[in-house]
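Q: Just passing along the structure, written as structure tokens.
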Amino acid sequence: MSAIEPLLRIDNLVKHYGAPRGRKPAIRAVNDISLTLRAGETLGLVGESGCGKSTTGRCIIGLEQPTGGRIVFNGRPVEHGKRAALTAMWRDMQYVFQDPFASLNPLMTVFAILSEPLRLSGMKAAKTEARVSELMQLVGLAPEHGNRFPHEFSGGQRQRIGIARALALNPKLLILDEPVSALDVSIQAQVINLLEDLQDRLGLAYLFIAHDLSVVSHICDRIAVMYLGRIVEIGTREEIFAGPRHPYTQALLSAVPIDDPDLRGKRKRIVLQGDPPSPANPPSGCAFRTRCWKATEICSQAVPALEPKPQARQAVACHHAGTLTADPA
Amino acid sequence: MTPAKPGQPLLSVEGLITEFRSSEGTVRAVDEVSYQVWPGETLAVVGESGSGKSVTAMSVLGLIPRPPGRIAGGRILFEGRDLLTVPPAEMRAIRGKAISMIFQDPMTSLNPVLSVGFQIAEAMLAHGDMRRSEAAGRAVELLRTVGVPNAGERYHQFPHQFSGGMRQRALIAMAIANRPKLVIADEPTTALDVTIQAQVFEALRLAQAETQAAMILITHDMGLVAELADRVVVMYGGRVVETTDVRTLFHAPRHPYTKGLLASLPRLHERSERLTPIPGAPPSLVNRPTGCAFHPRCAHSAGRPMCRSEVPAMREVEPRHWSACHYAEELGQSRERIEA
């Protein structure tokens, strides 16, 4: 670990939903997650629906109150439930949502949407206009379209508005929650390139939450793979994609359809049996064991620790990762 | 268009025009679309939102709501009969028997108050002379075929007790229940997680192997196309812009849109410095550009006036490869990749 304090540090984050005295068992959305994010870095948070990746993002930005653990951003602990402290933090941390149709107020013009955070931060009206126009140019929109409403823009343009709004106060970290998955294929590349350009120009850090591994492999420096509320593998992009060591990561990567018809039938594909278990009633020990072809007795008895393994630099939470080769068998 | 394969096509869509009335006037969602499906093959129909790929399929199924929709021209020949002239009662007999469908959202395609197995059996009883017990037995068998574990118990469960992947498999079972000749699958895996998608691919493969049915796979996922399709139809702005076999399409596309689409995809195991997006956005139905609908976004047109003024016709630019680009011949450079 470097001596420099990371921009974001999460220690043992836990988020359970449902009252502890309630009759129904609590939904264990996030179970003991720790990770760090350096300034200017992109960390991918990958997993399937219900794995807790969005809940993690929402806990970080303070939209959810964690059940346990600690989040330190920019040298200060995130003070959940304290509105003033959160508002101050949001100057440096912003969220971009998946659905550019639902996340913009249809009754506000783009100018109003983009000037609102500026006004709330106390910026003078005269300066606001220049900043809005600068923001629109930054994300590739024509400033003269500021008087238009969200419905007058295409999906890709609306996502650009969402990004511009997030950038209004020069944040250090953007949490991008599936930012391109609602967009048409030919538009996705535009938004990905925009995000990369903005990172280069503004030195932003990204927490990139996504299920599309091709997109993640393109944009992320490091990747954390989640399954049922836990990180099962975390490492650099190269470590995860070239030598996945957790059986779930291996299955996930092998399930991605590759757009080359010549490879049809030539790739080893792991088709997992069954569905992910319910986070209300997770299996004992390793949560993946019910679908894992490597599972043995120990997997039902002990939760595997996320730790570096022999011949692998990434951390893997698997009892058998020591015996697993990078090439899935 | 001459057939790419010997024999008669199972389905031949010829010059189909489907229009909708809207507050902004009549819009043409499908504009002179033609394609063929041969027995047993998988034809992928690829396109973005508004390309007309789903409306074409709904037209084939006779499911265009009228009004506001209207089929304004063309023919849809299924086994030589024009489905547009078939009386509604007969169309109902074809739909669900000879032609069946799988939709994107399995929750809205299943009745929430009836058991899943009952609904599959019902599909058979509606179209065949069969005893209920016999249909029930076959429904369990079908659920097993598409990989539903404990099929006997699952038969009695309701849709809400099924996960998304399981529901989609139940729909696949229902779609093949009457041994159809053609299955139309509209984004069958889009709503599902990656590992569940892989399960549903397998189910689709097994279902097709079991019935030998032809399949129209409507999707925007080029990975899925590469894995499942024999031939591909690419649609843009309500028209077909390119059609050929799957290998040629991926290695030597002859339409700038197809080329741009393939170039814009991020790839696993490949970190190019930058992606190459297609500029602009897909056209809206109301304001379709003149001439070639793709010309405002086209990297290849270079502002040539022909692209603005004339709608390009589909031409066979090399054997069994059709493209609707005035300058398709100029796009033949990537040929060496397919030879290598």
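The values are calculated or read from the model by the stated rules, or taken from the named source; none is laboratory data. The model shown is predicted, which means the values in this text are computed figures rather than measured ones. A quick note on method: Cβ atoms are made from the backbone with ideal geometry, for glycine too, and the neighbour counts reach across all protein chains shown.
Q: Quick one: A:T249 ticks every box in (1) under 21 Å from the mean Cα position of the chain (by Cα); (2) surrounded by fewer than 19 Cβ atoms within 10 Å (Cβ to Cβ); (3) among the β-branched types (V, I, T) bar one, so which box is it?
A: (2)
Q: Of the conditions (1) in a helix (DSSP H, G or I); (2) within 11 Å of another protein chain (Cβ to nearest Cβ); (3) in contact (Cβ under 8 Å) with a residue 24 or more places away in the chain; (4) over 30 Å from B:I176 (Cα atoms), B:K259 clears all except one; give me its number.
A: The failed condition is (2).
Q: If we only count helices (runs of 4 or more DSSP H) wholly inside the stretch A:28-137, which ones have 3 or more residues that are closer than 30 Å to B:D193 by Cα? Let's see the steps before the verdict.
A: Working: elements: A:53-61, A:83-89, A:110-120.
By residue number, A:53-61.
Q: A further question follows. Would the stretch B:285-302 turn up any residue that is under 29 Å from B:T42 (Cα atoms) and either part of a strand (DSSP E or B) or at the interface with chain A (Cβ under 8 Å from one of its Cβ atoms) (or both)?
A: No - not one qualifying residue is present in the stretch B:285-302.
Q: Hey, among the residues in the stretch A:140-154 that are surrounded by 14 or more Cβ atoms within 10 Å (Cβ to Cβ) and within 14 Å of another protein chain (Cβ to nearest Cβ), which one's modelled with the lowest pLDDT?
A: So the residue we want is A:S154.
Q: Of everything in the stretch B:175-196 that's closer than 21 Å to B:G47 by Cα, surrounded by fewer than 22 Cβ atoms within 10 Å (Cβ to Cβ) and not aliphatic (A, V, I, L, M), which residue is modelled with the lowest pLDDT?
A: B:T190
Q: For the stretch B:1-60, which positions are surrounded by 21 or more Cβ atoms within 10 Å (Cβ to Cβ) and among the basic types (K, R)?
A: If the condition is that a residue be surrounded by 21 or more Cβ atoms within 10 Å (Cβ to Cβ) and among the basic types (K, R), then B:K53 is the only one that fits.
Q: Can you name the residue in the stretch B:136-155 that is out of contact with any Gly (no Cβ under 8 Å at 6 or more places or on another chain) and in contact (Cβ under 8 Å) with a residue 12 or more places away in the chain and, of all such residues, is farthest from the other protein chains (Cβ to nearest Cβ)? Full working, then the answer.
A: Of the stretch B:136-155, the ones out of contact with any Gly (no Cβ under 8 Å at 6 or more places or on another chain) are B:137-138, B:141-142, B:144-148, B:150-153.
Within this subset, residues satisfying the condition of being in contact (Cβ under 8 Å) with a residue 12 or more places away in the chain are B:138, B:142, B:145-148, B:152.
On the way: B:R138: 24, B:L142: 19, B:T145: 15, B:V146: 13, B:G147: 9, B:V148: 11, B:G152: 17 Å.
Among them, the one singled out is B:R138.
Q: Go through the stretch A:184-216 and report how many residues are without any contact (Cβ under 8 Å) to a residue 60 or more places away in the chain and either within 13 Å of chain B (Cβ to nearest Cβ) or in contact with a Ser or Thr (Cβ under 8 Å, 6 or more places away or on another chain) (or both).
A: Of the residues in the stretch A:184-216, 18 are without any contact (Cβ under 8 Å) to a residue 60 or more places away in the chain and either within 13 Å of chain B (Cβ to nearest Cβ) or in contact with a Ser or Thr (Cβ under 8 Å, 6 or more places away or on another chain) (or both).
Q: Anything in the stretch B:63-100 that is touching a residue at least 12 places away in the same chain (Cβ under 8 Å) and within 16 Å of B:A126 (Cβ to Cβ)? List them, or say none.
A: Result: B:P88, B:M91, B:A93, B:I94, B:R95, B:G96, B:K97, B:A98, B:I99, B:S100.
Q: Looking at the stretch A:187-204 only, could you name the residues that are under 15 Å from the mean Cα position of the chain (by Cα) and either surrounded by 24 or more Cβ atoms within 10 Å (Cβ to Cβ) or part of a helix (DSSP H, G or I) (or both)? I'd like the intermediate steps shown before the answer.
A: So the first thing to find is which residues in the stretch A:187-204 are under 15 Å from the mean Cα position of the chain (by Cα), and the list is A:192, A:195, A:204.
Those that are under 15 Å from the mean Cα position of the chain (by Cα) and either surrounded by 24 or more Cβ atoms within 10 Å (Cβ to Cβ) or part of a helix (DSSP H, G or I) (or both): A:I192, A:L195.
Q: Got a sec? Which of B:Q161, B:Q199 is surrounded by fewer than 18 Cβ atoms within 10 Å (Cβ to Cβ) and farther than 25 Å from B:V234 by Cβ? Full working, then the answer.
A: Details: B:Q199 fails: surrounded by fewer than 18 Cβ atoms within 10 Å (Cβ to Cβ).
From the options B:Q161, B:Q199, the qualifying one is B:Q161.
Q: So in the stretch B:230-256, with the set limited to residues that are surrounded by fewer than 24 Cβ atoms within 10 Å (Cβ to Cβ) and aliphatic (A, V, I, L, M), which one is farthest from the other protein chains (Cβ to nearest Cβ)?
A: Among residues in the stretch B:230-256 that are surrounded by fewer than 24 Cβ atoms within 10 Å (Cβ to Cβ) and aliphatic (A, V, I, L, M), the one farthest from the other protein chains (Cβ to nearest Cβ) is B:A252.
Q: Step by step: first the residues of the stretch A:271-288, then only those that are among the aliphatic types (A, V, I, L, M) and more than 8 Å from chain B (Cβ to nearest Cβ), then the one that is nearest to A:A317 (Cα to Cα). Which residue is that? Explain how you work it out, then say what you get.
A: Kept after step one, since they are among the aliphatic types (A, V, I, L, M), are these residues of the stretch A:271-288: A:271-272, A:280, A:287.
From what is left, the residues that are more than 8 Å from chain B (Cβ to nearest Cβ) are A:280, A:287.
On the way: A:A280: 21, A:A287: 10 Å.
Among residues in the stretch A:271-288 that are among the aliphatic types (A, V, I, L, M) and more than 8 Å from chain B (Cβ to nearest Cβ), the one nearest to A:A317 (Cα to Cα) is A:A287.
Q: Moving to a separate point now. Just need a number here: residues in the stretch B:191-218 that are within 10 Å of chain A (Cβ to nearest Cβ) and not hydrophobic (A, V, I, L, M, F, W, C).
A: Of the residues in the stretch B:191-218, 5 are within 10 Å of chain A (Cβ to nearest Cβ) and not hydrophobic (A, V, I, L, M, F, W, C).
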